[in-house]
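Report on the following structure.
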Amino acid sequence: MPSNTKVALVTGGGTGIGRASAYALQKAEFQVIITGRRLDRLKEAAAADAQGLPGIIAIAADVSQGQAVKALFSEIEARFGRLDVLFNNAGMGAPRVPIEELSEEDWRKAVDVNLTGSFLCAQAAFALMKKQSPQGGRIINNGSISAHAPRPNTCAYTATKHAITGLTKSLALDGRQFKIAASQIDIGNADTSIGERFKAGVPQANGQVMVEPVIDARYCGDAVAYMASLPLEANVLTMTLMATNMPFVGRG
């Protein structure tokens, strides 16, 4: 790897927004590492034609587990000596049921992946970015439109995404003296396997079920690559990228 090549890690990189972001970062000439729980999906994503660009490296890890995250970052440091960009993308939802029907187990699963996983990876990235030379880097957290407004019966997912906003702001503040920038991208209605439900119709705040427009996940990847490619003296603190006509700005 050339000495001036920047290194980026994408969590949840085997599918959807993570996969699209990995490809966009690769095109921006980052050395990309993708991680997730399923190595088969990661290898499939990494096998895409690199067209002369640095190949994508797949490393399986469960970001909700501290020891797995430590092992992941130890491998990155051993192989590359640094990390320039972390895209905290891994996330999951919970059953869309009234709060009294949501199990503690499902609540904890969402918190463990969406919030604790982002914290653990940011913590490890922070430690590496502080000590590497040259110092610094960028952490991009995948928030959601749900970081601003909930959908019906999504208290677990919505709570974790609101918490991501607090995490992002804390990282942005605490990273100043170490040349670590922190950002958040809030995406609405990406056309991924998870987003298929929008095209079938989803519940609205008024009780109706409505089909909603979606956007190609490539646009999400391109936005992440743009944020990642800025010099460290500039930062997109928050970005909202959404299907233009989705029901977000109007009253619910």
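Each value in this text was obtained by applying a stated rule to the coordinates, not by laboratory testing. For clarity, every value in this text was computed on a predicted model and none was experimentally measured. Because the Cβ atoms are built from the backbone with ideal geometry, glycine has one as well, and the counts that use them run over all protein chains shown.
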Inset, instruction - May I ask you to list the lysines whose Cα is less than 20 Å away from that of K130, ignoring any residue fewer than eight positions away on the same chain? - result: K6, K70, K169, K179
Inset, instruction - State, in angstrom, two size descriptors of region 188-252 derived from its alpha carbons: Rg to one decimal place and Dmax to the nearest whole number. - result: 14.6, 46
Inset, instruction - Would you kindly compute the Cα radius of gyration of region 7-242 and its largest Cα-Cα separation (Dmax), both in Å? - result: 17.2, 55
Inset, instruction - Could you work out which residue, out of Q184, Q123, Q204, moves most in a Gaussian network model of the chain, that is, has the largest mean-square fluctuation with Cα springs under 10 Å? - result: Q204
Legend entry - Cα convex hull of region 57-110 - mean projected area over all directions, nm²: 4.9 nm²
Inset, instruction - Springs between alpha-carbon atoms under 10 Å, Gaussian network over the chain: tell me which of M210, M239, M129 tops the mean-square fluctuations. - result: M210
Inset, instruction - Can you pull the one-decimal nm distance between simple spin-label points at K27 and D106, each 7 Å off the Cα toward Cβ? - result: 3.7 nm
Inset, instruction - Extending each Cα 7 Å along its Cβ direction at L232 and S170, get the distance between those two points in nm, one decimal. - result: 2.2 nm
Inset, instruction - With springs connecting C-alpha atoms under 10 Å apart, model the chain as a Gaussian network and identify which of P134, P95, P213 has the largest mean-square fluctuation. - result: P134
Legend entry - Estimated Rh, region 102-252: Kirkwood, alpha-carbon pairs, angstrom: 16.6 Å
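Suppose every Lys and Arg Cβ carries +1 and every Asp and Glu Cβ carries -1, with no other charges. What dipole size does the chain come out with about its Cα centre, to the nearest 20 debye?
Values: 25 positive and 22 negative charges, 96 e Å.
Approximately 460 debye in magnitude.
Suppose we keep just the DSSP beta bridges with both residues in the chain; what percent of those would be antiparallel, to 5? Numbers along the way, then the final one.
Numbers: 2 of 31 bridges.
Antiparallel bridges: around 5 percent, rounded to the nearest 5.
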Legend entry - 15 Å cut-off, amide nitrogen to a point 7 angstrom out along T5 Cα→Cβ, residues in region 66-81: 76-81
Inset, instruction - Apply the Kirkwood formula to region 23-136: the hydrodynamic radius equals the inverse of the mean of 1/r over all pairs of different alpha-carbon atoms; give it in Å with one decimal. - result: 15.6 Å
